[in-house]
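Below is one structure, written out as structure tokens, with a few remarks after it.
The values are calculated or read from the model by the stated rules, or taken from the named source; none is laboratory data. Since the model is a prediction, treat every value here as computed from it, not as a measurement. Because the Cβ atoms are built from the backbone with ideal geometry, glycine has one as well, and the counts that use them run over all protein chains shown.
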Ligand code: DX5
Ligand code: ZN
């Protein structure tokens, strides 16, 4: 089994020591740096915006995995692409929420035009079948395993069933998008998630609240199968 891609969420880092925490991720076995953007409208919390993304990008050596939890995400795609997601040497991903996108097909095309991978996130209540007609237009599907807005929430167990359903939906696709899972991911559920079909895992608290974040990343990547 291929080890999952690990995307630690910078939302759980120490913002007063952002450079230190980005450099820690650079030296670790993390694959991407997950950047959570919250607007206080789509989700009931505000995280940070473009200048902080630029600051992360200045120190990062790994692709940025930008998760836009904002309304009208199409208005900010170019800004986040320039803020680091579309870095020429390590192009990353921009993910928008299905629930916030009126013209999803157009938005995904816009993301790809910046040089980034195009992602769509699904809230826990949104069925995977809603993506059936855009499967050729996206590179990544982000399955939310918590209601977005806060780090440190409990994993919603029905997510496992949802990942299996998505895996089946992707069975006939020639270049299937990456399945990424976000929220409440840790060593207690990593094996079940990968066995259900997850390719990439976001982890905030389980990495940055660990005594040794580097080791916590390694433990997720090289988990013991059930
Ligand atoms: C939740 C965010 C997540 C969050 C994950 O709204 O999208 O990326 O940072 O944090 P943990 O791993 O603590 O659930
Ligand atoms: Zn996220």
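Have a look at 146, 194, 202 and point out the one that is in contact (Cβ under 8 Å) with a residue 40 or more places away in the chain, surrounded by 15 or more Cβ atoms within 10 Å (Cβ to Cβ) and within 13 Å of the chain's Cα centre (by Cα).
Numbers: 146 fails: in contact (Cβ under 8 Å) with a residue 40 or more places away in the chain; 194 fails: within 13 Å of the chain's Cα centre (by Cα).
Criteria check complete, one pass: 202.
Quick one: which of 65, 39 is surrounded by fewer than 23 Cβ atoms within 10 Å (Cβ to Cβ) and within 16 Å of ligand 1 (Cβ to nearest atom)?
Values: 65 fails: surrounded by fewer than 23 Cβ atoms within 10 Å (Cβ to Cβ).
Testing whether each residue is surrounded by fewer than 23 Cβ atoms within 10 Å (Cβ to Cβ) and within 16 Å of ligand 1 (Cβ to nearest atom) leaves just 39.
Residue by residue, here is whether (1) outside any strand (DSSP E or B); (2) touching a residue at least 24 places away in the same chain (Cβ under 8 Å) holds:
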| site | (1), (2) |
| --- | --- |
| 109 | yes, yes |
| 141 | no, yes |
| 172 | yes, no |
| 185 | yes, yes |
| 220 | yes, yes |
| 225 | yes, yes |
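Which residue is farthest from ligand 2 (Cβ to nearest atom), if the candidates are limited to the stretch 1-11 and must be surrounded by fewer than 21 Cβ atoms within 10 Å (Cβ to Cβ) and at pLDDT 95 or above?
Of the residues in the stretch 1-11, the ones surrounded by fewer than 21 Cβ atoms within 10 Å (Cβ to Cβ) are 1-3, 5.
Applying the additional criterion that residues be at pLDDT 95 or above yields 3, 5.
Values: 3: 20, 5: 14 Å.
Within the stretch 1-11, the match that is farthest from ligand 2 (Cβ to nearest atom) is 3.
So which residues in the stretch 187-218 are outside any helix (DSSP H, G or I) and within 18 Å of residue 10 (Cα to Cα)?
Listed by number, the residues that qualify are 200, 201, 202, 203, 204, 209, 210, 211, 212.
Would you check which residues across the stretch 86-99 are more than 12 Å from the chain's Cα centre (by Cα) and under 17 Å from residue 58 (Cα atoms) and list them?
So in the stretch 86-99, the residues more than 12 Å from the chain's Cα centre (by Cα) come out as 86-91, 98-99.
Correct list: 86, 87, 88, 89, 90, 91.
Return yes or no: is residue 36 at pLDDT 95 or above and away from ligand 2 (no atom under 12 Å from the Cβ)? Let's see the steps before the verdict.
Details: at pLDDT 95 or above: yes; away from ligand 2 (no atom under 12 Å from the Cβ): no.
In short, no.
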